[in-house]
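Undergrad: Before anything else, here's the structure in question.
The numbers here are math on the coordinates, done by the rules we state, and not lab data. In this text the structure is predicted, and so the values were computed from the model without any measurement. Every residue, glycine as well, gets a Cβ built from its backbone with ideal geometry; the counts of neighbours run over all protein chains shown.
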Amino acid sequence: MSAEEPVVAAEPGRKRQQRSVVTQRKLLDAAVRAFSESGFKGTSTRDIADRAGVHHPLITYHFKSKNKLWRAAADNIFREFNISLLKAMADVSEDDAKARAETFIRTYVRYAHRQPALHKFILQESSYPSQRLDWLIETHLKPMYETAVTPLRQLQDLGIAPAGDPALLYNMIRVSAGGLLALALEIRGTTDVDLELEEQLDELSEMIIRVFLPGNPPPDPD
């Protein structure tokens, strides 16, 4: 047996693995779009396969069931957001609560623009109680809230953020960012505000910051 034979034999396996990764990616992207547009009940696995341009049985092969594909799609949306947030926060001081809050808002706006399914996915599941909504809350939404609410309380104590229930404040910020972008087509038709434009996205971020974080940190003592 020559030294080259194991390499040649391994090549078809690598190609199959690469094709498998590509197929999973296509199915996930198609699932994110379909579930965010039509919800779990309004989406069929055949529709997802058609969108992805793959054979329908491959959904069962890669994801086992429609419910597991839905969860994988949700995991994908929030994992990508968390990666974006970690990158954005890397250069922001942990001691600068206002800068971190502003970075969160700008990152949220940018990600919700790039991935409007972020809010559409949540809206589809929030219309009625379900095990999927319970899972989404416990797995993704509550951890995100718990990460954000403590800094908001600190900002309220410093007089930077408006007084009131910090949970309401958090949700007002979140919906002002993601909700508006989820309605971007309607907003453009109604008001001529085009949230596809970079300058409009920047203005949205800065306006949310001015409205919800109007104060400034107290000066450092001499």
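Undergrad: Can you compute the modelled spin-label distance between residue 83 and residue 51, with each label point 7 Å from Cα toward Cβ, in nm?
TA: Taking the simple label geometry, residue 83 and residue 51 are separated by 2.0 nm.
Undergrad: Obtain the nm distance between the two label points defined at residue 126 and residue 65 by a simple spin-label model: each point lies 7 Å from its Cα along the Cα-to-C-beta direction.
TA: Output for this residue pair reads 2.7 nm.
Undergrad: Let me ask something else. Residue 37: net charge of surrounding residues, Cβ under 11 Å, Lys/Arg +1, Asp/Glu -1, itself excluded?
TA: Local charge sum for residue 37: +2.
Undergrad: Still on this structure, please answer the following. Excluding residue 156 itself, calculate the net charge of residues whose Cβ lies under 13 Å from the Cβ of residue 156, where each Lys or Arg counts +1 and each Asp or Glu counts -1.
TA: 0
Undergrad: A follow-up question, please. What 222 nm value per residue comes from the helices of the chain, counting each DSSP H run with n ≥ 4 as -39,500 (n - 2.57) and dividing by all residues, nearest 500 deg cm²/dmol?
TA: The helix contribution divided over the chain gives -22500 deg cm²/dmol.
Undergrad: If you plug each phi of region 89-106 into the Karplus form 6.51 cos²θ - 1.76 cosθ + 1.60 with θ = phi - 60°, what whole-Hz ³J(HN,Hα) values come out, in order, with x for Gly and Pro?
TA: Per-residue couplings from phi come out as 7, 4, 9, 9, 4, 5, 8, 9, 5, 5, 4, 5, 5, 5, 5, 4, 5, 4 Hz.
Undergrad: Cα-Cα pairs above 24 Å in the chain: how many percent?
TA: Here the tail beyond 24 Å accounts for 54 percent of pairs.
Undergrad: Would you please give the residues with an amide H less than 5 Å from that of residue 39, counting only those at least 5 places away or on a separate chain, with H modeled from the backbone geometry?
TA: Amide H neighbours of residue 39, under 5 Å, 5+ apart: none.
Undergrad: Looking at the chain as a GNM with Cα springs under 10 Å, which of 131, 156, 24 has the largest mean-square fluctuation?
TA: Sorting by GNM fluctuation, first place goes to 131.
Undergrad: Cα centroid distance between region 30-46 and region 126-184, in Å?
TA: The distance from the Cα centre of region 30-46 to that of region 126-184 comes to 25 Å.
Undergrad: Cα gyration tensor of region 1-128, axes a ≥ b ≥ c as square roots of the eigenvalues: rounded (a/c below 1.5), prolate (a/b > b/c) or oblate?
TA: Verdict is oblate for region 1-128.
Undergrad: In whole angstrom, how far apart do the alpha carbon centroids of region 185-204 and region 62-123 sit?
TA: Here the answer is 21 Å between Cα centres.
Undergrad: Next up: List 61, 108, 145, 128 from most exposed to least, where exposure is judged by having the fewest other Cβ atoms within 10 Å.
TA: If I rank by nearby Cβ atoms, fewest first, I get 128, 61, 145, 108.
Undergrad: In addition: Run the dipole for the chain about the Cα centre, Lys and Arg Cβ at +1, Asp and Glu Cβ at -1, nothing else charged, and hand back the magnitude in debye, nearest 20.
TA: Details: 28 positive and 31 negative charges, 306 e Å.
Magnitude of the dipole: close to 1460 debye.
Undergrad: What are the ³J(HN,Hα) values, in whole Hz, obtained from phi via the Karplus relation 6.51 cos²θ - 1.76 cosθ + 1.60 with θ = phi - 60°, for each residue of region 26-35 in sequence order, with x given for Gly and Pro?
TA: Values per residue, Gly and Pro as x: 4, 5, 5, 4, 5, 5, 4, 5, 5, 5 Hz.
Undergrad: Still on this structure: Kindly provide the trypsin sites (Lys or Arg not before Pro) of region 42-73 that DSSP labels as loop, not H, G, I, E or B, and whose Cβ sees at most 13 other Cβ atoms within 10 Å. Spell out each step's value before the answer.
TA: Working: sites: 46, 51, 64, 66, 68, 71; in loops: 64.
Passing sites in region 42-73 are 64.
Undergrad: Quick one: longest stretch of the chain between exposed loop GluC sites (Glu not before Pro), exposed meaning at most 15 other C-beta atoms within 10 Å and loop per DSSP? Write down the numbers at each step before the final one.
TA: On the way: sites that count: 4, 94, 196.
Here the longest run is 95-195.
Undergrad: Step through the residues of region 154-163 one at a time and calculate ³J(HN,Hα) from phi using the Karplus curve (6.51 cos²θ - 1.76 cosθ + 1.60, θ = phi - 60°), rounding each to whole Hz and writing x for Gly and Pro.
TA: These are the phi-based 3J(HN,Hα) values: 4, 5, 5, 4, 7, x, 7, 9, x, 5 Hz.
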